[in-house]
Amino acid sequence: MIDTVQKLLRGRMEDDSAAVISAERSWTWREYLAEAAAEASALLAMIDPDRPLHIGALLTNSPAYVRSMAAAALGGYVLCGINTTRRGEGLASDIRRSDCQLLLVDPDHAALLDGLDIGGITVLDVTGPRYTESVTAAEPLVPQEVSGTDPFMMIFTSGTSGNPKAVPFVHAMSVMCGMSLVAQMDITADDVCYLAMPLFHSNGVAVGFSVAITAGAAMVPVKFSVSRLLPDLRRFGVTFMNYVGKPLALVLATPEQPDDADNPLRVMYGNEATERDIAEFSRRFGCRIIDGFGSSEFAVVVVREDGTPPGSIGKGWGGVAIYHPDTVTECATAVFDDNGALLNVDDAVGELVNTTGSGPFTGYYNDPAATSERLRHGMYWTGDLAYKDANDWIYLAGRTSDWMRVDGENMAAAPIERILLRLPQLNQVAVYAVPDEQVGDQVMAAVVLRQGQSLTPEEFEAFLAEQADLSPKAWPTFVRINDDLPQTATNKILKRELSAAGPTAGGGVLWQRPARSTTYQVSARTSARA
């Protein structure tokens with residue numbers, strides 16, 4: 001039985017079908033893995049076997065990155081994927097905390113290290129002479145043998161609610177993810193997988209790389225680009241793509257063309273896309289989209305099954321429940337009025353947990369405080385707010401930081417966001433709390449319009465008045481129309497930056513609704529489209 005990426009790749013070392021494709025050249029599995037084995041041998045010769053066998057990668061999605069991933073698997077050491085959007089002391093802290101002995105960089109990121117204290121770690125430019133000479137002169141690989149429970153990579157959380165945290169991703173989990181998704185989507189060696197999501201993150205590894213190596217399908221590792229996506233699909237014959245966050249919305253913001261569906265893309269798998277975007281992207285580009293929910297720690301899994309009702313993310317695997325964090329008791333079943341509005345917010349909304357434990361997650365690397373926050377009372381706590389209906393369908397309500405207290409009433413951001421996204425002119429929406437001058441919070445929404453669309457305060461007021469499941473208290477006090485919203489490297493909106501800026505800071509057009517009014521007034525205009 002194959003339970004490690006090491007064994008899986010060893011079985012492909014004489015495969016002459018395509019493994020990696022780029023604009024410059026392509027590699028067969030035989031060529032790709034021979035280069036990876038040489039890299040592994042060279043790097044193992046440079047590190048201390050008595051210290052953690054950790055090698056960092058501060059790289060753009062590229063053939064060099066997937067080569068380094070295969071090298072780590074074949075060599076039996078841990079590749080630590082460093083978040084490429086981090087800067088300054090945050091970046092240095094991530095590198096030091098990962099206990100890297102070497103750090104692989106490319107020209108796009110080498111300068112980010114200038115002046116940083118990374119603890120004396122040796123830095124290797126994968127395009128430089130020292131790296132090239134070492135790999136060329138490498139002896140035949142003598143690997144560290146690994147088991148399924150040994151880490152294959154260190155991957156980082158998205159960092160939407162704080163600093164990214166390092167999660168050990170074990171070999172067996174990579175193999176399991178790959179086998180499950182390959183079977184679910186009928187991926188074969190004839191497919192071409194587009195790896196455009198960051199390879200330091202769980203989605204890029206588990207839903208992209210693991211799928212490709214399990215099926216023996218070709219990989220196209222690139223950095224995500226809205227303008228380049230469709231040309232790349234056609235150029236490389238891409239049939240499968242993974243995603244996380246807002247890529248679908250970003251692509252849909254571009255003008256539709258009559259030949260958009262003229263592409264080879266067959267299936268996509270990802271998470272956090274809205275139902276509207278899933279349906280519209282599928283129609284426009286002619287592909288099947290499967291959207292699931294899973295934490296970077298792989299401790300909670302929710303599956304969107306056939307018949308999933310609008311707004312729900314699906315049903316949880318064994319042990320998934322919703323608990324009050326204060327009382328550590330299971331929340332009540334959600335109760336809705338005739339219009340679909342949630343009536344018992346205080347009793348039904350709680351934190352999404354795994355009551356059976358943490359599954360394969362054993363803790364964040366070198367971060368006991370963050371680990372303790374996740375592992376409490378014998379359960380794994382996701383930090384995600386949710387509620388569940390009488391048929392066990394789960395609905396997200398946002399992060400735990402998304403709680404708002406408005407006029408003495410608790411509210412969650414995600415249900416308001418889902419309602420606002422019914423407005424056709426809107427492409428992206430972020431709802432968050434800003435302080436009320438008296439007490440509690442006020443609701444604020446930052447939105448991005450679809451390209452070529454416009455929205456007036458009167459149109460927005462009329463839309464809100466038509467939403468029977470929207471509480472009057474949930475009407476945003478402030479609405480800011482922006483050209484874009486701050487995002488993580490995994491395309492997730494950084495609400496903490498929006499909230500910290502307050503209602504009057506930032507660009508765009510700001511509307512404000514006076515207390516107890518249903519009309520909006522333009523308060524500020526800077527540089528956004530109206």
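The values are calculated or read from the model by the stated rules, or taken from the named source; none is laboratory data. What you are looking at is a predicted structure, and each value in this text was computed from that prediction instead of being measured. Cβ placement follows ideal geometry from the backbone for every residue including glycine, while neighbour counts extend to all protein chains displayed.
L91 falls short of the stated requirement of being in contact with a Ser or Thr (Cβ under 7 Å, 6 or more places away or on another chain) and closer than 22 Å to Y364 by Cβ. Taken together, the residues in the range 195-207 that are part of a loop (DSSP other than H, G, I, E, B) and either without any contact (Cβ under 8 Å) to a residue 40 or more places away in the chain or within 16 Å of V267 (Cα to Cα) (or both) amount to 2.
Name the pairs whose Cβ atoms lie under 6 Å apart, with the first residue in the range 418-436 and surrounded by fewer than 21 Cβ atoms within 10 Å (Cβ to Cβ), the second part of a strand (DSSP E or B) and not β-branched (V, I, T), and 6 or more positions between them or separate chains? Sorted first by the residue in the range 418-436, then by its partner, the pairs are Q425/L449; A433/M404; A433/D441; V434/Q442; V434/M444; D436/Q442.
Of the set (1) at pLDDT 90 or above; (2) within 18 Å of Q521 (Cα to Cα); (3) surrounded by fewer than 20 Cβ atoms within 10 Å (Cβ to Cβ), all apply to L455 but (3). W475 satisfies every condition listed in (1) farther than 28 Å from F336 by Cβ; (2) touching a Leu at 6+ places or on another chain (Cβ under 7 Å) except (1).
If you check S62, S93, which single one turns out to be within 19 Å of I213 (Cα to Cα), among the hydroxyl-bearing types (S, T, Y) and in contact (Cβ under 8 Å) with a residue 40 or more places away in the chain?
Numbers: S93 fails: within 19 Å of I213 (Cα to Cα).
Going through S62, S93 in turn, just one is within 19 Å of I213 (Cα to Cα), among the hydroxyl-bearing types (S, T, Y) and in contact (Cβ under 8 Å) with a residue 40 or more places away in the chain: S62.
Condition first: modelled with pLDDT of 85 or more, in a loop (DSSP other than H, G, I, E, B), out of contact with any helix residue (DSSP H, G or I) (no Cβ under 7 Å at 6 or more places or on another chain) and over 17 Å from P486 (Cα atoms). Now tell me which residues in the range 501-518 satisfy that. Answer for the range 501-518, where residues must be modelled with pLDDT of 85 or more, in a loop (DSSP other than H, G, I, E, B), out of contact with any helix residue (DSSP H, G or I) (no Cβ under 7 Å at 6 or more places or on another chain) and over 17 Å from P486 (Cα atoms): R513, P514, S517.
Identify the residue in the range 363-388 that is surrounded by fewer than 17 Cβ atoms within 10 Å (Cβ to Cβ) and in contact with a strand residue (DSSP E or B) (Cβ under 8 Å, 6 or more places away or on another chain) and, among all such residues, is nearest to D150 (Cα to Cα). My answer is N366. Among the residues of the range 331-345, the ones that are within 20 Å of D384 (Cβ to Cβ) and at pLDDT below 90 come to 0 in all. Considering each residue of the range 43-78, count those that are assigned to a loop (DSSP other than H, G, I, E, B) and under 26 Å from the mean Cα position of the chain (by Cα), and give that number. Qualifying residue count, the range 43-78: 5. Could you go through the range 261-271 and let me know if any residue there is surrounded by fewer than 19 Cβ atoms within 10 Å (Cβ to Cβ), in the same structural domain as M153 (by TED's automatic domain parsing) and among the charged types (D, E, K, R). Yes: the range 261-271 contains one or more residues that are surrounded by fewer than 19 Cβ atoms within 10 Å (Cβ to Cβ), in the same structural domain as M153 (by TED's automatic domain parsing) and among the charged types (D, E, K, R).
Return the residue satisfying two criteria in turn: it lies in the range 480-500 and is assigned to a loop (DSSP other than H, G, I, E, B), out of contact with any Pro (no Cβ under 8 Å at 6 or more places or on another chain) and at pLDDT below 85, and of such residues it is nearest to A433 (Cα to Cα). Show your work before the answer.
First, pick out the residues of the range 480-500 that are assigned to a loop (DSSP other than H, G, I, E, B): 483-486, 488-492, 494.
Among the residues that remain, those that are also out of contact with any Pro (no Cβ under 8 Å at 6 or more places or on another chain) are: 483-486, 488, 492.
Cutting the leftovers down to at pLDDT below 85 gives us 488, 492.
Details: T488: 19, K492: 17 Å.
Among residues in the range 480-500 that are assigned to a loop (DSSP other than H, G, I, E, B), out of contact with any Pro (no Cβ under 8 Å at 6 or more places or on another chain) and at pLDDT below 85, the one nearest to A433 (Cα to Cα) is K492.
Out of T355, T329, T333, report the one residue that is closer than 27 Å to Q467 by Cβ, surrounded by fewer than 20 Cβ atoms within 10 Å (Cβ to Cβ) and β-branched (V, I, T). Give the steps one after another, and end with the answer.
Working: T355 fails: closer than 27 Å to Q467 by Cβ; T329 fails: closer than 27 Å to Q467 by Cβ.
Just one listed residue meets the conditions, T333.
Going residue by residue through the range 296-305, is there one that turns out to be surrounded by fewer than 15 Cβ atoms within 10 Å (Cβ to Cβ) and at pLDDT below 95? Give the steps one after another, and end with the answer.
Initially, the range 296-305 is screened for residues surrounded by fewer than 15 Cβ atoms within 10 Å (Cβ to Cβ), giving 305.
Filter once more, so that each one left must be at pLDDT below 95: 305.
So far as the range 296-305 goes, yes, one or more of its residues are surrounded by fewer than 15 Cβ atoms within 10 Å (Cβ to Cβ) and at pLDDT below 95.
So for the range 448-460 (the condition being in a strand (DSSP E or B) and either within 30 Å of D338 (Cα to Cα) or in contact with a helix residue (DSSP H, G or I) (Cβ under 9 Å, 6 or more places away or on another chain) (or both)), does at least one residue qualify? Before the answer, list the steps.
In the first step, residues of the range 448-460 are kept if they are in a strand (DSSP E or B); the result is 448-449.
Filter once more, keeping what is either within 30 Å of D338 (Cα to Cα) or in contact with a helix residue (DSSP H, G or I) (Cβ under 9 Å, 6 or more places away or on another chain) (or both): 448.
Yes, some residue in the range 448-460 is in a strand (DSSP E or B) and either within 30 Å of D338 (Cα to Cα) or in contact with a helix residue (DSSP H, G or I) (Cβ under 9 Å, 6 or more places away or on another chain) (or both).
For N410, all conditions in the list (1) free of Cβ contacts under 8 Å to residues at least 60 places away in the same chain; (2) more than 20 Å from F293 (Cα to Cα); (3) part of a strand (DSSP E or B) hold save one; what is the number of the exception? So the condition that N410 fails would be (1).
Run down A72, A36, A57 and say which single residue is touching a Ser or Thr at 6+ places or on another chain (Cβ under 6 Å), surrounded by 24 or more Cβ atoms within 10 Å (Cβ to Cβ), modelled with pLDDT of 95 or more and within 23 Å of R130 (Cβ to Cβ).
Details: A72 fails: touching a Ser or Thr at 6+ places or on another chain (Cβ under 6 Å); A36 fails: touching a Ser or Thr at 6+ places or on another chain (Cβ under 6 Å).
Criteria check complete, one pass: A57.
Within the range 214-224, is even one residue β-branched (V, I, T), modelled with pLDDT of 95 or more and in a helix (DSSP H, G or I)? Scanning the range 214-224, I find at least one residue that is β-branched (V, I, T), modelled with pLDDT of 95 or more and in a helix (DSSP H, G or I), so the answer is yes.
Residue-by-condition table, conditions (1) surrounded by fewer than 23 Cβ atoms within 10 Å (Cβ to Cβ); (2) in contact (Cβ under 8 Å) with a residue 24 or more places away in the chain; (3) not assigned by TED's automatic domain parsing to the domain that holds S93:
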| site | (1), (2), (3) |
| --- | --- |
| R130 | yes, no, no |
| P140 | yes, yes, no |
| I155 | no, yes, no |
| P164 | no, yes, no |
| C193 | no, yes, no |
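Within the range 280-301, identify whether any single residue is of a type in the set (V, I, T) and free of Cβ contacts under 8 Å to residues at least 12 places away in the same chain, and answer yes or no. No.
Look at the range 458-470: where a residue is under 15 Å from I416 (Cβ atoms) and a partner is assigned to a helix (DSSP H, G or I), sitting 6+ places away or on another chain with Cβ atoms under 8 Å, you get Q467/I419; D469/I419; L470/I416; L470/I419; L470/L464. Figure legend. Inter-residue proximity from the range 504-530: first residues surrounded by fewer than 13 Cβ atoms within 10 Å (Cβ to Cβ), second residues assigned to a strand (DSSP E or B) and modelled with pLDDT under 80, beta-carbon distance below 8 Å, spacing 6+ or different chains. Indicated pairs: T504/A524.
Per-residue answers, yes or no, for (1) in contact with a Pro (Cβ under 9 Å, 6 or more places away or on another chain); (2) in a helix (DSSP H, G or I); (3) under 19 Å from L53 (Cβ atoms):
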{"site": "S93", "(1), (2), (3)": "no, yes, no"}
{"site": "L104", "(1), (2), (3)": "no, no, yes"}
{"site": "D108", "(1), (2), (3)": "no, no, no"}
{"site": "A111", "(1), (2), (3)": "no, yes, no"}
{"site": "R130", "(1), (2), (3)": "no, yes, no"}
{"site": "E133", "(1), (2), (3)": "no, yes, no"}
{"site": "P143", "(1), (2), (3)": "no, no, yes"}
{"site": "V146", "(1), (2), (3)": "no, no, yes"}
